[in-house]
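Below is one structure; the comments refer to it alone.
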Amino acid sequence: MRIWGKIITQNKLKRDIVVNIEDYTLSRTKKVYQALEDMCYEFDLAKPIWLDSNKEDFIRHSRTRFTRDNFMEEIDFDYLDFQVIEEDY
């Protein structure tokens, strides 16, 4: 599974990373959480909170946005875009 994370400020890409999770023993959900954790480590961010709207967006579109409402700490960007770009089958 590959997941693309992008930090966006004023509709401009500031930073991005592609996280590759190759542990085939993990469920899809655990891969997603692991990718988010790895991404936040690379971006030096606290992990965001999954709100119901994020879960619904991710289930429907394999993509969601984490905004200021998702973070406990202050962030210096508009949102973190989190998108699956390749699935394992």
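Each reported figure results from applying straightforward, stated rules to the coordinates on display, with no laboratory input. All values reported here derive from a predicted model rather than from experimental measurement. Cβ: placed from backbone, ideal geometry, glycine included. Neighbour counts: every protein chain shown.
No other residue among K47, K30 is among the basic types (K, R) and either touching a residue at least 40 places away in the same chain (Cβ under 8 Å) or within 15 Å of I75 (Cα to Cα) (or both) apart from K47. In region 49-89, which residues are touching a helix residue (DSSP H, G or I) at 6+ places or on another chain (Cβ under 7 Å) and surrounded by fewer than 17 Cβ atoms within 10 Å (Cβ to Cβ)? Selection gives I49, L51, R63. Filtering region 10-33 to residues that are surrounded by 11 or more Cβ atoms within 10 Å (Cβ to Cβ) and either among the aromatic types (F, W, Y) or assigned to a helix (DSSP H, G or I) (or both) leaves R28, K30, K31, V32, Y33.
If a residue has to be among the polar types (S, T, N, Q) and within 16 Å of the chain's Cα centre (by Cα) to count, how many in region 1-33 make the cut? Residues in region 1-33 being among the polar types (S, T, N, Q) and within 16 Å of the chain's Cα centre (by Cα): 3 in total. Take the residues in region 34-48 that are more than 11 Å from the chain's Cα centre (by Cα), assigned to a loop (DSSP other than H, G, I, E, B) and not charged (D, E, K, R), then tell me which one is surrounded by the most Cβ atoms within 10 Å (Cβ to Cβ). Per the stated criteria, the residue is L45.
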